[in-house]
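Data first, discussion second: the structure below is written as structure tokens.
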Amino acid sequence: MSGLLVNLIIQIISGAVGGNVAAGAAKNIDRFLSYIAEDVRFYSAGVMQTGKFPFREGWAKGFADPNWSITWAPLYAEAAQSADLGYTTGSFEIREKSPDGAPLVRKGSYVTLWRKQSDGAWKVALDIGSFVPPKPAVPAVPVQPDAH
């Protein structure tokens, strides 16, 4: 396949990413899920899951919460020479409230595998995200060494 066709596929995938990002920002669960393959694979609480229904369950809670939001920043996209697979990678940020009501911001990175469907649409086939560990809390008062 020519480099021109690969670049075209990357543009098409990037357009799908843009639609998916916009749907996520708008918390439009049905539009968001229109970019997800029926047999999507993803991790939830460290366990590989399969299927659009469990994927929906995982996202629906956040989308329904008025204090929850997500933004993505795609940084790179690449397409396979076969013209049926591609991936995107970048960063994300989730804003929500902690159990005590304080603002909470969680950041991370993701890799999403996009697969061309039989109807020509590009949909998410695999989605993997990883949170950046929070910085440890700094003690308010320095600990004094024991004077023995």
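The values are calculated or read from the model by the stated rules, or taken from the named source; none is laboratory data. All values reported here derive from a predicted model rather than from experimental measurement. Quick reminder, even Gly has a Cβ in these numbers, built from the backbone with ideal geometry, and neighbours come from all protein chains shown.
Which number in (1) of a type in the set (Gly, Ala, Ser); (2) at pLDDT 95 or above; (3) surrounded by fewer than 17 Cβ atoms within 10 Å (Cβ to Cβ) marks the one condition that residue 91 misses?
(2)
Going through 119, 100, 146 one at a time, which residue ends up being closer than 18 Å to residue 35 by Cβ, in a loop (DSSP other than H, G, I, E, B) and at pLDDT below 95?
119
Using beta carbons and a limit of 7 Å, which pairs, at least six apart or on different chains, have the first residue in the range 70-82 and acidic (Asp, Glu) and the second one in a strand (DSSP E or B)?
Partner pairs satisfying both residue conditions: 78/86; 78/87.
Tally up the residues in the range 42-69 that are assigned to a strand (DSSP E or B) and either within 15 Å of residue 128 (Cα to Cα) or free of Cβ contacts under 8 Å to residues at least 40 places away in the same chain (or both), please.
Selection size over the range 42-69: 7.
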